[in-house]
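The values are calculated or read from the model by the stated rules, or taken from the named source; none is laboratory data. Quick caveat: nothing in here was measured; it's all calculated off a predicted structure. When we count neighbours, we look across all protein chains shown, and the Cβ atoms used for this are built from the backbone with ideal geometry, even at glycine. Protein only, heavy atoms only, side chains kept; ligands, DNA and RNA dropped before computing areas. Shrake-Rupley method; radii C 1.70, N 1.55, O 1.52, S 1.80 Å.
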Amino acid sequence: MRRPDQNRGARMTVHFQSVTVLGAGTMGHGIAHACAVAGIDTVLYDVDLGAVDTGLKLIRKDLDKIVSTGELTEQERDEVLKRIQRSSDLAFAVQGAQLIIEAAPESMDIKRGLFRLLEQRVGEDTIFATNTSSLSITELSAGMDHPARFLGVHFFNPAHEIDLVEVVWGTSTSDVTLALVVEFVEALGKHAILVQDSPGFTLGRLGIVLCLEAIRMVEAGVTGPEEIDKAMGLVYGHPVGPLKLADLAGLDVQMETAAYLHEALGSEVFRPPELLERMVAEGKLGKKSGQGFYSWDEDGRSVEDGQSDEGGPSDEC
Ligand code: NAD
């Protein structure tokens, strides 16, 4: 079992003071939120500036909720928001970044393309991290000039709330990179677990099996989504059931992850069910499209039970 070289990390006393998050969607805006709350200057970049603005609105909304509980003052909220710069200009976004966290779509080509492009534009100490749920860290780093500075930093959704991050090392990731990123995760107030690069890492691999089996049961008419989710809560203590989690993560993301694991691990348990493929083809992507196994209103509440997803942990199912 690999352990980060904590002494080396401590001796270097490097604390990331400037982080760039690439992709402002479900995960990217939550990661930017977590960084800014921890006092880190953060750039939130997306190819679509509208996505950055939506992400910033969501961050403000989440911070307002904390203000309403009295845990944060309005002034502190404004300071957090000031720490986040918006950008759709890649060169500007990565200039001076000590750590770049990529949260772009789950595509080997998009992610590889981004990292190759960025290597030419950043300093020698910049560390690259990917928030991929399932793609191989070692494969993603193929073709990079400095794969020692590359690793996975897998946040869970909502990234600003969930206290666990999988820190995933590929065959070339250096001990220094690992130690610095573990230190960064801890600076965000989160726990890091070290994971060797393998398909689906730990929780993704376990969770997707539960998700796909739940979808197969709905497809076969065994029972409904709400019943499954309620049962998992009452009996196994899951704060959010597998089908609501799938809606929160995005059914398109789930389908891509399942297809990848099906191929990578060669097991039929990961084959995407027809129902999932059909829902994605129909644009029923879960919370982000307003419809999935549940119907979602503009405030992020599932219409069926009138409850917001707020406060409950969630991730790819
Ligand atoms: P998303 O679709 O919500 O957001 C992706 C964003 O990336 C979009 O705003 C899109 O405009 C932007 N984008 C597209 N091309 C880009 C590029 N070339 N450079 C920068 N941005 C680009 O996706 P998401 O759910 O936030 O997932 C992002 C990553 O995080 C994926 O790798 C996914 O597997 C992983 N992940 C997702 C979850 C989850 O629950 N959704 C959990 C953990 C990890």
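DSSP bridge analysis restricted to the chain gives an antiparallel fraction near 25%, rounded to the nearest 5. The magnitude of the dipole of the stretch 203-289, with charges of +1 and -1 set on the Cβ of Lys/Arg and Asp/Glu and taken from the Cα centre, is near 220 debye. Applying 1/(1 + (r/R0)^6) with R0 = 30 Å to the Cβ-Cβ distance of Glu298 and Ile193 gives a FRET efficiency near 0.30. Here the stretch 6-196 is assigned +1 on the Cβ of each Lys and Arg and -1 on the Cβ of each Asp and Glu. Its dipole about the Cα centre then comes out at about 120 debye.
Extension gain, Met108-Ile66: 0.36 nm per intervening residue step, less the Cα-Cα distance, totals 11.5 nm. As a ratio to 2.2 N^0.38 Å, the alpha-carbon radius of gyration for the stretch 203-289 is 1.02.
With contacts taken as Cα pairs under 8 Å and at least 6 residues apart, the stretch 203-289 reaches a relative contact order of 32 percent. Taking a threshold of 26 Å on the Cα-Cα distance, which of the pairs Lys61/Lys230; Lys61/Lys111; Lys111/Lys230; Lys61/Lys244 fall above it? Violating the 26 Å Cα-Cα cut-off are Lys61/Lys230; Lys61/Lys111; Lys111/Lys230.
On the beta carbon distance between Glu124 and Lys230, with R0 = 41 Å, the FRET formula returns roughly 0.20.
3J(HN,Hα) along the stretch 54-66: 4, x, 5, 4, 5, 4, 4, 4, 5, 5, 4, 5, 5 Hz, from the Karplus curve 6.51 cos²θ - 1.76 cosθ + 1.60 with θ = phi - 60°, whole Hz, x for Gly and Pro. Across the accessible surface of the chain, with the other protein chains kept in place and a 1.4 Å probe, carbon and sulfur atoms take up 51 percent.
Our coupling estimate for the stretch 155-169, obtained by passing each phi through the Karplus curve with A = 6.51, B = -1.76, C = 1.60 and θ = phi - 60°, is 7, 10, 8, x, 4, 7, 10, 7, 8, 10, 9, 7, 9, 10, 9 Hz, Gly and Pro reported as x.
In the context of the full set of protein chains, residues of the chain present 45 Å² of accessible surface per residue (probe radius 1.4 Å, heavy atoms only). Take every pair of alpha-carbon atoms less than 8 Å apart whose residues are at least six positions apart; their mean separation over the length of the chain yields a relative contact order of 15 percent. Per residue, the Cα convex hull of the chain amounts to 136 Å³. Considering the dipole of the chain built from charges on the beta carbon (Lys and Arg +1, Asp and Glu -1) around the Cα centre, which of Leu63, Val195, Gly292 is farthest to its positive end? The residue sitting farthest along the positive end of the dipole is Val195.
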